[in-house]
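Participant: I am attaching a structure below and will ask some questions about it afterwards.
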Amino acid sequence: MALSDYEPVIGLEVHCQLKTRTKSFCACPVVFGAPPNSAVCPVCLGYPGVLPVLNREMVTLAMRVALATGSEIQERSVFARKNYFYPDLPKGYQISQLDRPLAVGGHVPVRTSGGERPIRLSRIHLEEDAGKLMHEFPWDDVPTGASLVDLNRAGTPLIEIVSEPEIRSGDEAWDYLNRLRRIVRYVDASDGNMEEGSLRCDANVSVRRKGAVPLGTKVEVKNLNSINHVRKAIEHEVERQAGTLDRGGAVVQETRLWHPETGTTRPMRSKEEAMDYRYFPDPDLGTLEVDGEWKQGVAESMPELPDARVARLVLQYGLPLADADTICLSRPLADWFEAAALAHPSNPKGVANWLLSELLSRIGDADRQAGRVPLAPAALARLVARIDDGTISGKIGKELLPLLIDSGKDPDELIREKGLVQVTDEGEIRGVVEGVVGANPQQAAAFRAGKTQALGWFVGQVMKASGGKANPAIVNRLLKERLEQG
Ligand SMILES: [Zn+2]
């Protein structure tokens, strides 16, 4: 038996923090990095006698994600209390949705070796976040080994997006999460930042013999703090489970934690596998009704979705699919590109090439996501236009780029200032050609004797002598004429 004899069956549960101003059921602000317990009130602290008031914006943002994934928004859904005890949950229950979620169905397409395939969603439901336990802190008056509780996060709006177990590899999970993250960002529902915890993912992983119908025993993998970790953890877990079965063992149903330092999963202290949360409908909130008008309003406010935008960029600007896909990584980046492309409409492909090869390589992922390109769209458009109209060569353009970025000047101004206008005057270039050929009679003789690659050497010399400003096409032509003359 080998790994290839087994089929991985993977489902992902993604918790996504919604970008509301205030919490789910109170008016406390949603803040990241504020002093501990500075954004709390009796409602999110779970004091007795308080009443929750549903944040309408939370539902609206969740509906945007549902519409973007083709998930069907339910006219009526129900909040339920999930009861358990933990120090970060002062109420003793989390408000969530169980058997009547906000939205059901939908899909996220993933790229596989066999083309694109939709991964179906089983549901999208609303819930509130818990607080946070702190195990490390900057204060030295805390006894060793103690943990402190910060409840700023308690009550923060979340959605949980649950996929069907249709993912078949770590790569597919990686693509699924990237696509999902792009969607929640495009519709402005979430920052989608896994490192900061606004996107969190648990993976349900099992394997079965290829061709077998019954599902294998499922293991839940937690502590996946980046999309790359999800991929690695799944790959490891699939191998571990297949290896166990191969040796005649049995996979234990359990929750395992991913340990990035060792690249392995280890069982979490197994306390309760079948924990009884004693769900029941929250009597203070009851049924959530979404009428046609609300849904219509949200539908009308939806932006162009990422896949549609990629397709449009291919069509409208003639970009290769992969380039359009990279540019549509985030809405601000795609907006940046379109502003530049529209400023130089005769060569959008050239603009895209410069953006992809020269500009994006200078910035990290966070800046790409935020569209923080270190040059104004109009400046890149102008630069490409000056190359296209022959004012400067592409080589000079590349040299100019860091100066443009540093100075923030207009390309035309900088070209004038630096005296970089390309020389297209044939008389002038011919003069340089004469000088170079005259000074190198041996090379010239070699060329005439059939060593044609000497031409390239001469071009380099002439370009150098002209300070890189001579038009290369003219240099080539004049050199050839001159050398063939003898
Ligand atoms: Zn509060």
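Participant: Compute the length gained on full extension between R430 and A250: take 0.36 nm times their separation in residues and subtract their Cα-Cα distance, giving the result in nm to one decimal. Could you put the intermediate results ahead of the total?
Facilitator: Details: separation 180, 0.36 × 180 = 64.80 nm, distance 8.15 nm.
Net length gain for the segment: 56.6 nm.
Participant: Once the principal axes of the Cα atoms of the range 173-258 are found, what is the range along each, listed largest first in whole angstroms?
Facilitator: 48, 26, 17
Participant: Give the Kirkwood hydrodynamic radius (Å, one decimal) of the range 296-365, defined as one over the mean of 1/r across all pairs of different Cα atoms. Could the numbers behind the result be given before it?
Facilitator: On the way: mean 1/r = 0.0792 Å⁻¹.
For the range 296-365, the Kirkwood estimate is 12.6 Å.
Participant: Right, something else. Count neighbours as other Cβ atoms within 10 Å of each site's Cβ, and list the trypsin sites (Lys or Arg not before Pro) in the range 221-325 that are DSSP loop with at most 15 such neighbours.
Facilitator: Sparse-neighbourhood loop trypsin sites (Lys or Arg not before Pro): R247, R269, K271, R278.
Participant: Of the cross-linked pairs K398/K480; K398/K418; K395/K464; K82/K295; K132/K218, which ones have a Cα-Cα span greater than 18 Å in the structure shown?
Facilitator: Details: K398/K480 27 Å; K398/K418 14 Å; K395/K464 12 Å; K82/K295 27 Å; K132/K218 28 Å.
Those over the limit are K398/K480; K82/K295; K132/K218.
Participant: For the residue pair E289 and E399, what label-to-label distance in nm results when each label sits 7 Å from Cα along the Cα-to-beta-carbon direction?
Facilitator: 7.3
Participant: Over the range 306-417, consider all pairs of different Cα atoms and compute the Kirkwood hydrodynamic radius from their mean reciprocal separation; express it in Å, one decimal. Could you put the intermediate results ahead of the total?
Facilitator: Details: mean 1/r = 0.0714 Å⁻¹.
Mean inverse Cα-Cα distance, inverted, gives 14.0 Å.
Participant: If Rh is defined by the Kirkwood formula over all Cα pairs and Rg also comes from Cα, what ratio Rg/Rh do you get for the range 154-309?
Facilitator: On the way: Rg = 18.9 Å, Rh = 18.4 Å.
Result: Rg/Rh = 1.03.
Participant: So for the chain, Kirkwood radius off the Cα pairs, Stokes-Einstein at 20 °C and 1.002 mPa s: how many µm² s⁻¹?
Facilitator: On the way: Rh = 27.0 Å.
It diffuses with D of about 79 µm²/s by this estimate.
Participant: I would also like to ask the following. What's the FRET efficiency of E136 with H15 using the Cβ-Cβ distance as r and R₀ = 30 Å, to the nearest 0.05? Provide the component values of the computation, followed by the final result.
Facilitator: On the way: r = 23 Å, r/R0 = 0.77.
Rounded to the nearest 0.05, the efficiency is 0.85.
Participant: What are the GluC sites (Glu not before Pro) within the range 156-259 that DSSP puts in a loop, where the Cβ has at most 14 other Cβ atoms within 10 Å?
Facilitator: On the way: sites: E160, E166, E172, E195, E196, E220, E235, E237, E239, E254; in loops: E166, E195, E196.
Qualifying residues, ordered by number: E195, E196.
Participant: Here is a further query. Mind checking the full-extension length gain between K480 and D99? Use 0.36 nm per residue of separation minus the Cα-Cα distance, one decimal, nm.
Facilitator: On the way: separation 381, 0.36 × 381 = 137.16 nm, distance 7.94 nm.
Extending this stretch completely gives an extra 129.2 nm.
Participant: Could you derive backbone 3J(HN,Hα) for the range 136-146 from the dihedral phi with the Karplus parameters 6.51, -1.76 and 1.60 (θ = phi - 60°), listing whole Hz in sequence and x where the residue is Gly or Pro?
Facilitator: 10, 8, x, 9, 9, 8, 8, x, 4, x, 7
Participant: A follow-up question, please. Expressed in nm to one decimal, what extension gain is obtained for the pair A212 and T264 from 0.36 nm per residue of sequence separation less their Cα-Cα distance? Kindly include the intermediate steps, with their values, before the conclusion.
Facilitator: Working: separation 52, 0.36 × 52 = 18.72 nm, distance 2.68 nm.
Between A212 and T264, full extension yields 16.0 nm more.
Participant: Continuing with the same structure: I need the Kirkwood Rh of the range 426-485: take the reciprocal of the average 1/r across all distinct C-alpha pairs and report it in angstrom.
Facilitator: Details: mean 1/r = 0.0900 Å⁻¹.
Value: 11.1 Å, from the Cα pair sum.
Participant: Please compute the modelled spin-label separation between N178 and K418, points set 7 Å along Cα→Cβ, answer in nm with one decimal.
Facilitator: Result for the modelled spin labels: 3.4 nm.
Participant: Taking only DSSP H segments of four or more residues, each worth -39500 (n - 2.57), what value at 222 nm results for the chain once the sum is divided by all its residues, to the nearest 500 deg cm²/dmol? It would help to have the intermediate numbers written out before the result.
Facilitator: On the way: 16 runs with 185 residues, N = 486.
Result for the chain, helices only: -11500 deg cm²/dmol.
Participant: When averaged across all projection directions, what area in nm² does the alpha-carbon convex hull of the range 1-125 cover?
Facilitator: About 11.6 nm², averaged over all directions.
Participant: Still on this model: How large are Rg and Dmax for the range 85-155 when calculated on the C-alpha trace, in angstrom?
Facilitator: Considering the range 85-155 through its Cα atoms, Rg and Dmax are 19.6, 59 Å.
Participant: At most 12 other Cβ atoms within 10 Å and a DSSP loop assignment: could you name the trypsin sites (Lys or Arg not before Pro) in the range 388-486 that fit?
Facilitator: On the way: sites: K395, K398, K409, R416, K418, R430, R448, K451, K464, K469, R477, K480, R482; in loops: K409, K418, K451, K469.
Passing both the DSSP loop test and the Cβ count: K451.
Participant: Something else now. Can you give the alpha-carbon Rg of the range 353-454 over 2.2 N^0.38 Å, where N counts its residues?
Facilitator: Details: Rg = 19.0 Å, N = 102, 2.2 N^0.38 = 12.8 Å.
Rounded to two decimals, the normalised Rg is 1.49.
Bear in mind these aren't lab numbers, they're just calculated from the coordinates by the rules spelled out. Source: prediction; values computed, not measured. Glycine gets a Cβ as well: all are built from the backbone with ideal geometry, and neighbour counts include every protein chain shown.
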